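In what follows, a structure is listed as structure tokens, so that the remarks can point back to it.
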Amino acid sequence: MQDQRDADEGAGDGDGATPEGVAPGGIDGGVLDSRIAEIIAEFSEVFAYARTRWARFAEEVHPELKGVGMIVLQFIVKKGPVTATRIAQMLDMDKAMVSRQVSKLRELGMIDAEPAPEDRRVVLLTASTSAVELLDGLRDRWAHGYHERFRGWTLEELEVMRDGLHRFNATADLSMPDGPAARCVREQGSDASSD
């Protein structure tokens, strides 16, 4: 009973304000900052591991292809049709670097570029059939590597990780300025989902 009164008194005047130094949900702000910093450090290790593997796979695909090219190709396979501007925004890459990778991927026959029907100034990129087949084969090898790393995890632990990552990714700010490229990509995406 006393605990309930203490909780009621701690609720303040009902304005929903959180006490200073306490994050929403009652988590101490310093503890929250520390946990987020630890998560960022873990993500950095994941990115480093992925970059190394992608660089190795890129060399196997073609000697002129770099790891960053594989990252761009993977993004196009997953999110295409997509503009180079969107790739640069989503991957937080320099537009010139994305442009170089797109040129190389086109030269190697791994992506196709077509003007958007709604606005011919906008170029939409999609993966070629051969690139999709190639990545499907590599995906089997990636999966094997991850199976090894997840050895000993329970199904519940895997589900918690999956759900957490899904929630994290779903809240990412995926918006981009509403220009011709954004409208064309949105319209292409809605056309594909209605097929």
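From the Cα gyration tensor of the range 84-157, with a ≥ b ≥ c the square roots of its eigenvalues, which class applies: rounded if a/c is under 1.5, or else prolate if a/b is larger than b/c, or else oblate? Since a/c reaches 1.5 and a/b is larger than b/c, the shape of the range 84-157 is classed as prolate. Per-atom-type breakdown for the range 79-174 gives carbon and sulfur 53% of the accessible area (1.4 Å probe, protein chains only). Let a ≥ b ≥ c be the square roots of the eigenvalues of the Cα gyration tensor of the range 47-114; is it rounded (a/c under 1.5), or, if not, prolate (a/b larger than b/c) or oblate? Verdict is oblate for the range 47-114. Taking each pair of distinct Cα atoms in the range 48-179 once, what is the resulting Kirkwood hydrodynamic radius in Å? Across the range 48-179, the inverse of the average 1/r is 16.4 Å.
Stretched out straight at 0.36 nm per residue, the stretch from HIS144 to LYS66 would grow longer than its current Cα-Cα span by 25.9 nm.
At 1.4 Å probe radius, can you tell me the per residue accessible area of the range 53-121 in Å²? Before the final figure, lay out the partial values.
Values: 3810 Å² over 69 residues.
Heavy-atom SASA per residue in the range 53-121 reads 55 Å².
The values are calculated or read from the model by the stated rules, or taken from the named source; none is laboratory data. Please read all numbers here as calculations on a predicted model, not as lab measurements. Side chains included, ligands, DNA and RNA excluded: accessible areas come from the protein's heavy atoms. Shrake-Rupley method; radii C 1.70, N 1.55, O 1.52, S 1.80 Å.
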